[in-house]
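Scroll down for the structure; my scribbles are underneath it.
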Amino acid sequence: MEIIIPIIAAIVGVGVGAGGIFAYNKSKENGGKSKAEDLVRKAKREAQDIVSAAKKEAADVADRNQAEENERRKEWKKTENRLAERETVLDSKLDQLEKKTEKLNREEKEIESLKGEIREIREKQHEKLEKIAGLSKMEAREKLMKMTENDIKQDLVGLVTKEQKEIKHDVDEAAQALLLTAMERMSSEVTADRTVTALKLPDDDMKGRIIGKEGRNIQALQRATGVDIMVDDTPGMVVLSSFDPIRRQVARYALERLMKDGRINPASIEEAVAKGEKEIEKEVVRAGEDAVREVGLVGIPRELVHLLGELKFRTSYGQNVLLHSIEMAHVAGMIAEEIGADKRVAKTAALLHDVGKAVTHKIEGKHAEIGAELAKKYGMPEEVVHAMAAHHDDIEPTTPEAIIVKICDAMSAARPGARNISAENFAERMRDLENIATSFPGIDKAYAISAGREVRVIVEPKTIDDLSALKLARDIANKIEATMSYPGVIKVNVIRETRAVEYAK
């Protein structure tokens, strides 16, 4: 009994709970239906509003389309009216042309008829004249021509002579005008050659670092670059002196790098000089490419472009050779265009005409011949090779382009201030000093410094010993005395240096 009572109580509890849940679900269902009906009504209202708006918009679109259609019909009507008017005008013009054509045909027939009558009258006159003169038409013509020729022969000779003089004068004036026009259009600056470069010191302590203990650093820098370095001549400045602009540029780059780094010693000097030589090589390539681009040429071999870039650091009687070549190329192109010659051949030959000067210290011969051989070697056209070889009359110029290059070379070199003979002679004397020193065996490097008052010779320590160095200095001095003329005294400084290098691993 005690067990049954709890079971009955549980069943009753379950029933009561189920009834409560049912009642709760029922009330929730009634509420949900009411909300659903509200949503349906709201959706219907919105649908009706959308339909009304769509109908209104459709009506507006239809009205606009109708208005546009009416406008287009009006335009078409106007166009039809204009075409009809033009057709009427054209018909009228065609009628007038037909009338004029008929009139011209009638007049042409009348003219032909008159020509026939004139020919008949002329033939009758010729027959009467032949009877009166007793000469045929051909005999009368020959006699008249001889008489006329005798009468005006002297006049014709004088006229021809006068015309020849006027033509020659006009040709000379035209040639002068052509050259002056080309020179005026290409007016570049005159570049003066300089043999010194000045660098500003950041402070006085830097001067002591550059000199180094007992002059060790400045001597190492001068040996590595071949440039005379002066630190005491100008306050706050370091002056680099050398006739060779490439050496000056390497020394300038190396010294600027050393001053910026602050660590100056023989090892860092050698490293800076090596990097300076690499930078100069990049600058050479860049200068050649810029020159070719400035002139507007393409397809020039890379080897010739490199040689052209080296001319940036070369001078001829004080005139920068690369700027001289660029100027010549521009003027040659203008002249070739004016006279109808091959513009590309003229510009290419003018730009490359002095590339032989980049290797004259390596190859024996005249720079015109060397440049022509190099151009031929690297596949340049025969016309360009000929113009390069003939620009100094080493061979006879046979093409208009070769004559143009020759003229432009003379024009560019002859401009006032373009060349400085004394500077070129000075540079030539410096090269002669170095060549005399390097002509002896066992020489590693030789530099002419101090405006030619000193020759610094660096020998190979394995080949030349200390005693041989003394004899070598005397031999070089004797050869300079025997082969050169110079003012004052030239110091021969032979340097022998032995280095022992080992690495700790």
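Computed quantities for the displayed model
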| read-out | value |
| --- | --- |
| Over region 296-419, equivalent-ellipsoid semi-axes from the Cα gyration tensor in Å | 19, 17, 14 |
| Formal net charge of residues neighbouring Ala62 (Cβ-Cβ distance under 14 Å; K, R +1; D, E -1) | -2 |
| Relative compactness, region 421-505, computed as alpha-carbon Rg over 2.2 N^0.38 Å | 1.25 |
| Percent of C-alpha pairs per 5 Å bin, region 211-252, short to long | 6, 25, 29, 26, 13, 2 |
| For region 186-274, the Rg and Dmax computed from alpha carbons only, in angstrom | 13.8, 53 |
| C-alpha center-to-center spacing [region 33-108, region 316-349] in angstrom | 67 |
| Separation in nanometres of the label points that stand 7 Å from Cα toward Cβ, at Lys376 and Ala84 | 8.5 |
| Ordering of 95-101, 321-327, 403-409, 391-397 by packing [mean C-beta count within 10 Å, highest first] | 403-409, 321-327, 391-397, 95-101 |
| Label-point gap, in nm, between Ala413 and Ile152 - each point 7 angstrom along Cα→Cβ | 5.2 |
| Lysines whose Cα lies under 29 Å from that of Lys479, excluding same-chain neighbours fewer than 8 positions away | Lys357, Lys362, Lys366, Lys445, Lys462, Lys471, Lys491 |
| Between region 286-301 and region 462-484, the alpha-carbon center distance in angstrom | 45 |
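The numbers here are math on the coordinates, done by the rules we state, and not lab data. Computed from a prediction, not measured in an experiment: that's the story for all the values here. Glycine gets a Cβ as well: all are built from the backbone with ideal geometry, and neighbour counts include every protein chain shown.
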